[in-house]
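Notes follow once the structure below has been shown.
The values are calculated or read from the model by the stated rules, or taken from the named source; none is laboratory data. These numbers come from a predicted model, not from an experiment. No Cβ is skipped: glycine too gets one built from the backbone with ideal geometry, and neighbour counts run over all protein chains shown. With ligands, DNA and RNA removed, areas are computed over all heavy atoms of the protein, side chains included. Shrake-Rupley method; radii C 1.70, N 1.55, O 1.52, S 1.80 Å.
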Amino acid sequence: IDEGIVTREELFVTSKLWNTYHREEHVRAACERSLSDLGLDYLDLYLIHFPIAQRFVPFEKRYPPEWVFDPEADAPKVMLDSVPYMETWQAMESLVEAGLTRDIG
């Protein structure tokens, strides 16, 4: 884009919400982090990566957060979080309303 080879409008960019960011209060921050990483103002499609919510891991602690909650533990394991799908989906809908993504899935 910066080199003028293509315009943003000629690209269809998809990103995904990682499992540790399914809670409503984390969805927008996760999307904004993806946008920042990609150097974009909006996504064309933002997907729920996998329909299993995992315990939140802050960006400052580990990014990307990986599958296991604490990879340095003696017995690393996946830690699930009980987040209703509708909570995540409604937060995703607010990203469309805010213009951060055009579509969700």
Cα-based Rg and Dmax for the chain, where Dmax is the largest Cα-Cα distance (Å) | 15.0, 50
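Using the per-residue mean of other Cβ atoms lying within 10 Å as a proxy for protection, in what order, highest first, do the peptides 22-30, 10-18 fall?
22-30, 10-18
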Give the accessible surface of the chain per residue, rounded to a whole number of Å², with probe radius 1.4 Å and ligands, DNA and RNA excluded.
-> 64
Tensor-based shape of segment 32-72 (alpha-carbon gyration tensor, a/c under 1.5 rounded, otherwise prolate or oblate) | oblate
Given Cβ charges of +1 for Lys and Arg and -1 for Asp and Glu, the option among 49, 13, 34 whose Cα lies farthest towards the positive end of the dipole of the chain is 49
Just in segment 60-98: which chymotrypsin sites (Phe, Trp or Tyr not before Pro) are loop by DSSP and have at most 16 other Cβ atoms within 10 Å?
-> 67
So, with a 1.4 angstrom probe, what is the percent of accessible area on the chain that is carbon and sulfur?
-> 53
So what's the angle, to the nearest 10 degrees on a 0 to 90 scale, between helix 24-38 and the longest Cα principal axis of the chain?
-> 50
